[in-house]
Amino acid sequence: MGTTTRRSIHRRDRLVPERDRDAYAIPEKLPENTVCPGCGALYERGRWQWATAKGEGANHLCPACHRIRDHQPAGVVTLGGPFFVHHGQEIVGLLTQEAEREEREHPLHRVMGVEGEGEGMVVQTTDVHLGRRLGEAIHHAYGGDLSIQYADDEQLVRVHWRR
């Protein structure tokens, strides 16, 4: 009785779906010491960071400033409900604190804009992770109903919180 071995056959005639990619991500590696003219962030060691440029360097708009310029948020956080009406200032304080903490560590994670008051509010972010983090922080602090939906075809998250 012989042993049967299975061999993996790689098919070359099938279409491999392309990975979703962020249209605002920079496709090529930038030169070291590149500065964003919009916010002053420095591209160093393969990532954007808050640092001072060492001498002359190239200028290139960072993905966050590019999104802000194009008015294309990566995160949309919608807040509302009777609880929000009565505790709006506390919630805004928590959002501000979380956003500032995130931006200190990650220059590309920023709040683009805030709209509305009274019954509800919409916060737009430059990064999907920041949008999710803001929603989770509010849910952790105040409870309520939290819904997080990622778009299939683009780099976008929609976060809805209500209480």
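Computed quantities for the displayed model
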item	result
Test: residue in the stretch 127-146 that is part of a strand (DSSP E or B), over 11 Å from the mean Cα position of the chain (by Cα) and free of Cβ contacts under 8 Å to residues at least 40 places away in the same chain	yes
Residue list for the stretch 49-66, filter: of a type outside the set (S, T, Y), within 22 Å of R104 (Cβ to Cβ) and either out of contact with any strand residue (DSSP E or B) (no Cβ under 7 Å at 6 or more places or on another chain) or without any contact (Cβ under 8 Å) to a residue 24 or more places away in the chain (or both)	W50, A51, A53, K54, L61, P63, A64, C65, H66
Residues that are among the basic types (K, R) and not in a helix (DSSP H, G or I), drawn from the stretch 91-114	R110
The lone exception for Q149 - which of (1) assigned to a strand (DSSP E or B); (2) in contact with a helix residue (DSSP H, G or I) (Cβ under 9 Å, 6 or more places away or on another chain) it fails	(2)
Selection within the stretch 123-155 - among the hydrophobic types (A, V, I, L, M, F, W, C) and either surrounded by fewer than 16 Cβ atoms within 10 Å (Cβ to Cβ) or closer than 15 Å to Y24 by Cα (or both)	V128, A141, A151
Residue match in the stretch 51-71 (condition: part of a strand (DSSP E or B), of a type outside the set (F, W, Y) and farther than 13 Å from V159 by Cβ)	yes
V76 vs. criteria within 13 Å of the chain's Cα centre (by Cα) and under 20 Å from V157 (Cβ atoms)	yes
Leading residue by the ranking (surrounded by the most Cβ atoms within 10 Å (Cβ to Cβ)) among those in the stretch 72-100 that are over 14 Å from H160 (Cα atoms) and in contact with a Ser or Thr (Cβ under 7 Å, 6 or more places away or on another chain)	A74
Complete set of residues in the stretch 88-112 that are of a type in the set (G, A, S) and at pLDDT below 95	G88
Single residue of E115, E103 found to be more than 13 Å from A137 (Cα to Cα) and buried (at least 16 other Cβ atoms within 10 Å of the Cβ)	E103
Unique residue being part of a loop (DSSP other than H, G, I, E, B), modelled with pLDDT under 95 and over 30 Å from A41 (Cα atoms) when the list is E154, E117	E117
Checklist (1) in a strand (DSSP E or B); (2) modelled with pLDDT under 95; (3) not polar (S, T, N, Q) applied to V159, failing item	(2)
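The values are calculated or read from the model by the stated rules, or taken from the named source; none is laboratory data. Since the structure is predicted, the reported quantities are computational estimates derived from the model, not experimental observations. Glycine gets a Cβ as well: all are built from the backbone with ideal geometry, and neighbour counts include every protein chain shown.
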